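For reference, the structure discussed in these notes is given below.
The values are calculated or read from the model by the stated rules, or taken from the named source; none is laboratory data. Just so it is clear, the model here is predicted, and its values are computed rather than measured. Just so you know, the surface numbers come from the protein's heavy atoms only, side chains and all, with ligands and any DNA or RNA stripped out. Shrake-Rupley method; radii C 1.70, N 1.55, O 1.52, S 1.80 Å.
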Amino acid sequence: MTDPQGPPPAPEPSGENPSFVKLAMRNMVRKGRQSLFHFGLTALGLTGFLVLIAWLGRPQIPGG
């Protein structure tokens, strides 16, 4: 399958490999809307999971 964004950019000519943070930031800038969408889905999923765990683990107060 081909990438609809085009070919990946050529690696930098410097001798050092770019850090994972630099690669992630470059990718996030290149695919801004998709990255924000995935970040939002992750945030909603994590929040929903934490609320579910809190609700399932709530203490049972006698007479309440």
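Note on surface exposure: LEU52, LEU36 rank LEU36, LEU52 by accessible area, highest first, 1.4 Å probe. Measuring from centroid to centroid over Cα atoms, what is the spacing of the range 17-32 and the range 42-64 in Å? So the two Cα centres are separated by 35 Å.
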